[in-house]
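The structure appears below as structure tokens.
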Amino acid sequence: MTSLEGKVALVTGAASGIGLAIARDFAQQGMRVTCSDIDVEQGQAVTAELPGARFQKADMTNGEDLQQLVTQTIAAEGQIDILVNNAGIQYVAPITEFPEAKWRQILEIMLTAPFLLTKAVLPGMYERGWGRVINIASVHALRASAYKSAYVTAKHGLLGLTRVTALEAAEHGVTCNAICPSYVRTALVEKQIADQARVHGIPESEVVEKIMVAEAPIHRLLEPEEVAHLVTYLCSDAASGITGSAQMIDCGWTAH
């Protein structure tokens, strides 16, 4: 792959899980990474371990925070070459019991924030004739699961945003792709286990096998680093012809 050394990346939800794995992989490539998260203590601690990285708190539901995230990153680093929209939350409940406030929060974090950040970084990418936007979607961008109405809706929408961005940005040397993993071993997934057990009426010890990996022929959780390596590849010049895609890394789930 062509070297990515010196590129400037902005990664949301970077204090843990997939976002942290991406930030680490980027730093290993010699990139300058702005790690953003709402968890200041954890975010600052992990960012301090990454060479050439900086941390900036941002609430993905706050438009002013998002604008400052972009402007302050550009002020500190000069530009933004790569945007990774990764921040997300989960809530598990039947539609009939799903709180409206939680629905709105999930869509704000996982769909509106990626739109606003993409809108903010594209002009600079267009001007330089190079850029990468990577949206961390999910197998749920293409498949649905019961009790996850807001999450599935947001991820389906994120894939749509990915495709429109790819079409508009192509002539400017900018690509946009979505990565669609199945369940990844993260705190977000671990926090779902009790809720999944409750709504499905099974013991917590059976959730991973009977719910999370049941649809995939490879019966295991993905590791965050597997997703991170695919992100880094899509940022490289070797992947310059890949845009508007839904990159599956789902242990075969969608092969059915």
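Any read-out appearing in this document is the output of simple, stated calculations on the displayed coordinates, not a laboratory observation. Bear in mind that the values here come from a model prediction, so they are computed numbers and not experimental data. Positions of Cβ are backbone-derived with ideal geometry, glycine not excepted, and every protein chain shown enters the neighbour counts.
For the chain, with a Gaussian network of springs between Cα atoms less than 10 Å apart, report the residue from Ser182, Ser205, Ser240 with the top mean-square fluctuation.
Ser205
Specify the residue with the greatest mean-square fluctuation among Pro224, Pro51, Pro203, computed from a Gaussian network of the chain linking alpha-carbon atoms under 10 Å apart.
Taking springs between Cα atoms under 10 Å, the residue moving most is Pro203.
Only counting other Cβ atoms within 10 Å, I'd like Cys235, Cys180 sorted with the fewest neighbours first.
Values: Cys235 29, Cys180 26.
Ordered from fewest to most neighbouring Cβ atoms within 10 Å, Cys235, Cys180 come out as Cys180, Cys235.
Neighbour counts of other C-beta atoms within 10 Å: give me Glu209, Glu97 arranged from fewest to most.
Numbers: Glu209 11, Glu97 8.
Listed from fewest to most nearby Cβ atoms, that is Glu97, Glu209.
Would you mind computing, in nm to one decimal, how far apart the modelled labels at Ala146 and Ala45 are, each placed 7 Å from Cα along Cα→Cβ?
For Ala146 paired with Ala45, the spin-label model returns 3.8 nm.
Please give the length that would be gained between Lys191 and Val164 if that part of the chain were fully extended, namely 0.36 nm times their separation in residues minus their C-alpha to C-alpha distance (nm, one decimal).
6.5 nm
Once you put a point 7 Å from the Cα of Glu171 and another 7 Å from the Cα of Ser236, both along the Cβ direction, what distance in nm separates them?
3.1 nm
Out of residues 5 or more away from Arg54 or on other chains, whose amide H comes under 5 Å of its own, with H placed 1.01 Å from N in the peptide plane?
Those lying under 5 Å, H to H, from Arg54 are Val33, Thr34, Cys35.
Can you give me the span-like helices of the chain, meaning DSSP H runs with 18 Å or more of Cα extent along the axis and Kyte-Doolittle mean at or above -0.5?
Those that clear 18 Å and a mean of -0.5 are 63-77, 113-128, 149-169, 187-200.
How high is the relative contact order of segment 34-127, in percent, with contacts defined as C-alpha pairs under 8 Å that are six or more residues apart?
27 percent
How high is the FRET efficiency between Lys102 and Gln68 when r is their beta carbon distance and R₀ equals 22 Å, given to the nearest 0.05? Don't skip to the answer; put the middle values down first.
Numbers: r = 26 Å, r/R0 = 1.16.
Efficiency, rounded to the nearest 0.05: 0.30.
Kindly provide the helix-only [θ] at 222 nm of the chain, computed as the sum of -39,500 (n - 2.57) over DSSP H runs of four or more divided by all residues, to the nearest 500 deg cm²/dmol? Before the final figure, lay out each step's value.
Numbers: 8 runs with 106 residues, N = 256.
Value at 222 nm, helices only: -13000 deg cm²/dmol.
Name the most mobile residue of Val199, Val213, Val33, meaning the one with the largest mean-square fluctuation, in a Gaussian network model of the chain with Cα contacts below 10 Å.
Comparing Val199, Val213, Val33 in a Gaussian network model of the chain, the most mobile one is Val199.
Starting from the amide H of Met248, placed 1.01 Å from N in the peptide plane, find each other amide H under 5 Å away whose residue is 5 or more places distant or on another chain.
Distant-sequence amide H within range of Met248: Cys180.
What number, in percent, do you get for the relative contact order of segment 79-154 if the mean sequence gap of Cα pairs under 8 Å and at least 6 apart is divided by its residue count?
Relative contact order comes out at 51 percent.
Return a whole-number percent for the relative contact order of the chain, with Cα pairs under 8 Å and 6 or more residues apart as the contact set.
Numbers: 502 pairs, mean separation 52.3, N = 256.
Taking the mean separation of contacting Cα pairs over the length of the chain, I get 20 percent.
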